[in-house]
1. Can you work out ³J(HN,Hα) from phi for every residue in region 60-67, in order, using Karplus 6.51 cos²θ - 1.76 cosθ + 1.60 and θ = phi - 60°, giving whole Hz and x for Gly and Pro?
2. Compute the signed sum of charges (Lys and Arg +1, Asp and Glu -1) over the other residues within less than 11 Å, Cβ to Cβ, of A101.
3. Using a Förster distance of 25 Å, how high is the FRET efficiency between L130 and S90, based on the Cβ-Cβ distance and rounded to 0.05?
4. For region 42-67 and region 80-133, what is the separation of their C-alpha centers, rounded to whole Å?
5. Among 52-59, 71-78, what's the highest-first ranking by average C-beta atoms within 10 angstrom per residue?
6. Can you tell me how region 40-133 classifies by the Cα gyration tensor, rounded, prolate or oblate, using a/c under 1.5 as the rounded cut?
7. Going 7 Å from the Cα of T42 along its beta-carbon direction, which residues of region 82-121 have the amide nitrogen within less than 20 Å of the resulting point?
8. Using modelled amide H (1.01 Å from N, peptide plane; none on Pro or chain starts), what sits under 5 Å from the amide H of L107, excluding residues fewer than 5 places away?
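Computed from the coordinates by the stated procedures, all read-outs in this text should not be read as laboratory data. Just so it is clear, the model here is predicted, and its values are computed rather than measured. So basically every Cβ, Gly included, is an ideal-geometry build from the backbone, and we count neighbours across all protein chains shown.
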Amino acid sequence: MKHRLISAALVFMLCFLVCVNAYATSEDGEALTPSRGVVSVTYGFISKGNGQYQIWSKTETYSPENLKASVRIVKIVNGQEQTVNGGSASASQNNTTSLTAQKTLSLSAGTYRLYGSGSGNTSSDSKNKLIYIT
């Protein structure tokens, strides 16, 4: 009987600790709202033909937030990044879960780096990759 009582008390304490941890408070005693969600970025590069390419970046989150999305492309010449004329786009929108920035532009043969980034109320994300046009 004594072991059952101790076991029940331990189970109760464990459940209590787990439940209390789910309701956190700040130093001034106000309840903290759990994070709305993590912002994730997907981005890409699409050939439209005749030297035309579309660059895009999509920012997404699970709960509505004030989102920003941006994409830019730079040319790599002798290991240095050079700005591409008209090679960027951005967008912003309040209270949404998905937002895309995109731009179509002419690019010549060479090596490029594509940057995609996005942010929301609670977090941000950014990515980049090399692109080769022949």
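1. 9, 8, 7, 10, x, 9, 7, 9
2. On the way: positive: K58, K68, R72, K103; negative: none.
Neighbourhood net charge equals +4.
3. Working: r = 22 Å, r/R0 = 0.87.
After rounding, the FRET efficiency stands at 0.70.
4. The two parts, judged by their Cα centres, are 7 Å apart.
5. On the way: 52-59: 21.2, 71-78: 17.1.
My ranking of the peptides, most packed first, is 52-59, 71-78.
6. Details: a/c = 2.74, a/b = 2.00, b/c = 1.37.
Cα axes put region 40-133 in the prolate bin.
7. 89-93, 96-104, 114-120
8. Here the answer is Y53, since their amide H atoms fall under 5 Å of that of L107.
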